[in-house]
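*Asks:* Have a look at this one before I ask anything.
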Amino acid sequence: MSHQNENQFTSTLRELYRKYRFIYKANPGNAGDGVIAAATYDYLDANGFDYSPFCASEVYTPERDVLLFGGGGNLIEGYYAEGRDFIKNNLEKFAKVIIFPSTVFGYMDFFKENIAHLFVCCREKTSYERLLKLGYIPGESVILTQDMAFYLDKGKYINNARPTKSKAYCYRTDSESLTKQQHENNHDISLTWNGDYWDNVDLARNSTRSLISFLQEYKAVDTDRLHVAILGSLLGMEVNFYPNSYYKNESVYEHSLINYYPNTYFIK
């Protein structure tokens, strides 16, 4: 998948870009969210979309501004509230809030009440179908697309290292772990960073570069981290991908990995 691909996601943004100024707010979270942010910066640059980072002290108006909210897995009721709260607190300042490719779980009242304000890009079919049932209209208030990590300009991040180790184990150690099992020699590399950091372009890219550098040492990876699985897939590694505590991993695998990356396997 090319980060310059002129798909429905890109054409929707291009139409809005003719009328509005783009304001971008990166999704807070771990280093996997840093991958999303790095790929988003690559994508916006490659497609000629100028943007300004969100600034709490700046005045925004619906006549001039559209908010691009970085995608990911932050809009998950019972796990994370930061993304929902940020969008809710800033809705009225913008002509539209474009939620970049995301998984949506819960917060149904919020999404139903704000159909007129939101345009939601779903990164898998389960979330997409949930929003259709709430009254979202394809192409008007919701689309189905890919996780932003697939738009990563990979050449900026990889080195020429050859793998010298057999397998990395990169399992979650947080609330999204399905089994809560402790794995020997585990490296939860996504927690090297965790917070509201990813408006820093250089940090997002350097964090992503460090994750890729770690993975390039190995021929294979076992993980229940979505973005470790995506990076491993992009690198051509053997990826044994396990479920997280809700449908995200399996749904993204079925939508974006199974037909594109033959060395990536979902293990139920």
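*Asks:* Could you go through the range 158-176 and let me know if any residue there is under 15 Å from the mean Cα position of the chain (by Cα) and modelled with pLDDT of 95 or more.
*Replies:* no
*Asks:* Within the range 155-177, can you find the residues that are open to solvent by less than 60 Å² (accessible area, probe 1.4 Å) and charged (D, E, K, R)?
*Replies:* Scanning the range 155-177 gives R172, D174, E176.
*Asks:* I've got another one for you. Quick check on my filter: what residues within the range 114-150 are open to solvent by 20 Å² or more (accessible area, probe 1.4 Å), touching a residue at least 12 places away in the same chain (Cβ under 8 Å) and not in a loop (DSSP other than H, G, I, E, B)?
*Replies:* Correct list: K125, T126, Y128, R130, L144.
*Asks:* Which of the residues spanning the range 240-257 are more than 13 Å from K268 (Cβ to Cβ) and open to solvent by 20 Å² or more (accessible area, probe 1.4 Å)?
*Replies:* S245, Y246, H255
*Asks:* Are there any pairs, at least 6 apart or on different chains, whose C-beta atoms fall under 9 Å, with the first in the range 230-243 and closer than 18 Å to K154 by Cα and the second open to solvent by 40 Å² or more (accessible area, probe 1.4 Å) and not in a loop (DSSP other than H, G, I, E, B), and if so, which?
*Replies:* G232/E238; L234/K154; L235/K154; M237/K219; E238/K167; E238/K219; E238/Y265; V239/Y265
*Asks:* Residues that are within 20 Å of E254 (Cβ to Cβ) and at pLDDT 95 or above: does the range 91-101 have at least one?
*Replies:* yes
*Asks:* Where the second residue is of a type outside the set (V, I, T) and at pLDDT below 95 and the first is under 25 Å from A39 (Cβ atoms) and in a loop (DSSP other than H, G, I, E, B) and lies in the range 153-170, which pairs have Cβ atoms under 8 Å and are six or more apart or on separate chains?
*Replies:* D153/H3
*Asks:* Shifting gears a bit: Name the residue that is nearest to T192 (Cα to Cα), counting only residues in the range 28-50 that are open to solvent by less than 10 Å² (accessible area, probe 1.4 Å) and touching a strand residue (DSSP E or B) at 6+ places or on another chain (Cβ under 8 Å).
*Replies:* Among residues in the range 28-50 that are open to solvent by less than 10 Å² (accessible area, probe 1.4 Å) and touching a strand residue (DSSP E or B) at 6+ places or on another chain (Cβ under 8 Å), the one nearest to T192 (Cα to Cα) is A31.
*Asks:* Select the strands (runs of 3 or more DSSP E) contained entirely in the range 1-113, then report the ones holding at least 1 residues which are among the charged types (D, E, K, R).
*Replies:* Fully inside the range 1-113 and qualifying: 21-25, 65-69.
*Asks:* May I pose another question? What pairs come up if the first residue lies in the range 185-210 and is closer than 19 Å to G232 by Cβ and assigned to a strand (DSSP E or B), the second is of a type in the set (F, W, Y) and at pLDDT 95 or above, and their beta carbons are under 7 Å apart, counting only those six or more places apart or on different chains?
*Replies:* Hits for this filter: N186/Y169; N186/Y171.
*Asks:* Would you mention how many residues in the range 188-226 are β-branched (V, I, T), more than 16 Å from the chain's Cα centre (by Cα) and surrounded by fewer than 24 Cβ atoms within 10 Å (Cβ to Cβ)?
*Replies:* 3
*Asks:* Look through the range 258-268, keep the residues that are out of contact with any helix residue (DSSP H, G or I) (no Cβ under 7 Å at 6 or more places or on another chain), free of Cβ contacts under 8 Å to residues at least 60 places away in the same chain and in a loop (DSSP other than H, G, I, E, B), and return whichever of them is most open to solvent (accessible area, probe 1.4 Å).
*Replies:* K268
The values are calculated or read from the model by the stated rules, or taken from the named source; none is laboratory data. Source: prediction; values computed, not measured. Backbone-built Cβ (ideal geometry, glycine too); neighbour counts: all protein chains shown. Side chains included, ligands, DNA and RNA excluded: accessible areas come from the protein's heavy atoms. Shrake-Rupley method; radii C 1.70, N 1.55, O 1.52, S 1.80 Å.
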